[in-house]
1. Among the numbered criteria (1) part of a loop (DSSP other than H, G, I, E, B); (2) open to solvent by less than 100 Å² (accessible area, probe 1.4 Å), which single criterion is violated by Gln127?
2. Quickly run through segment 92-111 and pick out the residues that are loosely packed, with under 10 Cβ neighbours inside 10 Å and among the polar types (S, T, N, Q).
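The values are calculated or read from the model by the stated rules, or taken from the named source; none is laboratory data. Computed from a predicted model, the values in this text were never measured in an experiment. All Cβ positions, even for glycine, are placed from backbone atoms using ideal geometry, and neighbour counts span all protein chains on display. These area figures cover heavy atoms from the full protein model, side chains too; ligands, DNA and RNA do not enter into them. Shrake-Rupley method; radii C 1.70, N 1.55, O 1.52, S 1.80 Å.
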Amino acid sequence: MARKAEVRYINSYIAGTAACKPEYRPTQPMKEAKLPKPRRQNKIVIPVDPAATAGICLAVVLLILMIVGAFRLADAQRQVSEMEAYVSRLQVRNEELDETYRAGFDPEEIRQIATAMGMIPMEQAQQIHVAVTVPEPEAEPSAWSAFLTFLTGLFA
């Protein structure tokens, strides 16, 4: 007799998410992995704190600048005293020259020369008085009148 083909129907029904997870069973037990030992790193030892060193250097620089500034201030004060002495010498010299100038001319001689040129004393001069009236300034328009003028010019 000839063989008949066997037909099997596979039932592949899975109820939602109720499918069972297959369990994984290793065939051999897992060995613990050995990690390499960390290398011992040399510690960097800084014997001096950099911030403290920077602070000390800054303090030294500021001290030097302060000393230089003190010397410059003393020099400036010395120059001021020299200039004050120079000004006082110039004032004395000015007074001497003023006395020499005033002693160099005679007021009576100057009066004779002036009358010879036709000049007269100030009391004898004709005086004319001129009355000047200052015009009153125009009043500035108020903001409202300026606005109305603007509108008038706009729509005219």
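1. Every listed condition holds for Gln127 apart from (2).
2. Thr100
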